[in-house]
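Everything below concerns the one structure shown next.
The values are calculated or read from the model by the stated rules, or taken from the named source; none is laboratory data. Just so it is clear, the structure is predicted and the values come from calculations on it, not from any experiment. Because the Cβ atoms are built from the backbone with ideal geometry, glycine has one as well, and the counts that use them run over all protein chains shown.
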Amino acid sequence: MKTGKAWNYGDDINTDFILPGRYLELTDPYKLAEHAMEGIDTNFTKNFKKGDVVIGGRNFGLGSSREHAPIALKYAGIEIVVAESFARIFYRNAFNVGLAAIECPGISKKIKTGDQIEIDLGISEITINKKVKLKIKPLPTFMLTLLNENGLVPYLRSHLNEW
């Protein structure tokens, strides 16, 4: 179970909001993390605490196909992004780097920044302020495996001999 403060950014959060393009020359994931969400919230990395959760509405992560955006979020200490829906490439890139991308219908309208949330992937449920419970879309077994193994590359390294 994950518990943290919610940071709600609404619909259509694009990859340039998550990590502005001017930082694409950076290769150190921790340097990328210093600029997470800078395109929409310049104080995010100062205020965010490990365990907090980014919330989005529809189409979170639209825009470019680069992995920089989910890498920046992950290395900033974000373990889970919950949104009503994700742009397809962002969704896959998130799991590839070991960042959970969880779909929950209606979440952006039922939660505000500062709310406390608990996420239980085992029962596919989110609890807001210890009162409101929302069902989340269950993750396929393989996606859970990728998260447990910290992404696609570590997964491949540990399972290569099985092929």
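A few comments on the model shown:
- Residues that are within 16 Å of VAL53 (Cα to Cα) and either among the β-branched types (Val, Ile, Thr) or not in a strand (DSSP E or B) (or both) within the range 125-134 comprise ILE126, THR127, ILE128, ASN129, LYS130, listed in sequence order.
- Scope the range 1-44; condition hydrophobic (A, V, I, L, M, F, W, C) and assigned to a helix (DSSP H, G or I); matching residues: PHE17, ILE18, LEU32, ALA33, PHE44
- Test result for ILE117, assigned to a strand (DSSP E or B) and at negative phi: yes
- Hits in the range 44-76 (condition: among the small types (Gly, Ala, Ser) and modelled with pLDDT under 95): GLY51, GLY63, SER64, SER65
- If you check ALA94, ALA100 for being closer than 26 Å to GLU118 by Cα and in contact with an Asp or Glu (Cβ under 7 Å, 6 or more places away or on another chain), only one passes: ALA100.
- Boolean, PHE95 is among the aromatic types (Phe, Trp, Tyr), surrounded by 20 or more Cβ atoms within 10 Å (Cβ to Cβ), assigned to a helix (DSSP H, G or I) and free of Cβ contacts under 8 Å to residues at least 60 places away in the same chain: yes
- Qualifying position, being among the polar types (S, T, N, Q) and touching an Asp or Glu at 6+ places or on another chain (Cβ under 6 Å), among ASN43, ASN59, ASN47: ASN59
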